[in-house]
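Only one structure is covered here, and it is reproduced in the block below.
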Amino acid sequence: MINDNAPEFLRIANAYQKAKKAIPRKMAIYAVNHFKRNFKLQGFQDGSLKKWPARAGKMRKGNNILIKSGRLRRGVKILRTSGSRTVIGVGAEIPYARIHNEGGKIKI
């Protein structure tokens with residue numbers, strides 16, 4: 001008696017290939033949402049929440065750290081994905097993003 005599992009095997013193999021292609025994009029979406037949620041939490045959550053330092057100078061009541069217009073938070077996006085790599089970041093259209101992330105001095 002021959003047990004022909006070829007159709008079932010092909011169905012599983014096709015489902016696997018489809019899922020394999022979708023995983024980097026789904027992980028990228030998860031990562032973007034994670035980083036955007038950090039703005040709401042006012043810190044970086046990596047297991048536990050590490051609050052961002054308070055702003056220097058006067059702060060209007062209700063203003064959050066790193067949020068004035070929301071442009072920086074909205075700028076967090078998927079820059080590129082491939083089979084083995086996903087890059088999340090803020091594009092060059094927001095020039096002050098790097099100084100917020102890495103620190104340093106700026107000339108006004």
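A few remarks follow.
- Reachable lysines, given that their alpha-carbon falls under 20 Å from the alpha-carbon of K51 and they are not under 8 places away in the same chain: K36, K40, K61, K68
- Charge tally for K36 (other residues, Cβ to Cβ under 9 Å; Lys, Arg +1; Asp, Glu -1): +4.
- The residues neighbouring G83, those whose beta-carbon lies less than 9 Å from its own, together hold a net charge of +3 under the Lys/Arg +1, Asp/Glu -1 convention.
- Charge sum, other residues only, whose C-beta stays under 13 Å from I12's C-beta, Lys/Arg counted +1 and Asp/Glu -1: +2
- Spread of Cα-to-Cα distances over 5 Å intervals beginning at zero, given as percent, for the chain: 2, 9, 15, 17, 15, 11, 7, 6, 5, 4, 3, 2, 2, 1, 1, 0, 0
Each reported figure results from applying straightforward, stated rules to the coordinates on display, with no laboratory input. Treat the numbers as computed from the prediction; the structure is a model and nothing was measured. Positions of Cβ are backbone-derived with ideal geometry, glycine not excepted, and every protein chain shown enters the neighbour counts.
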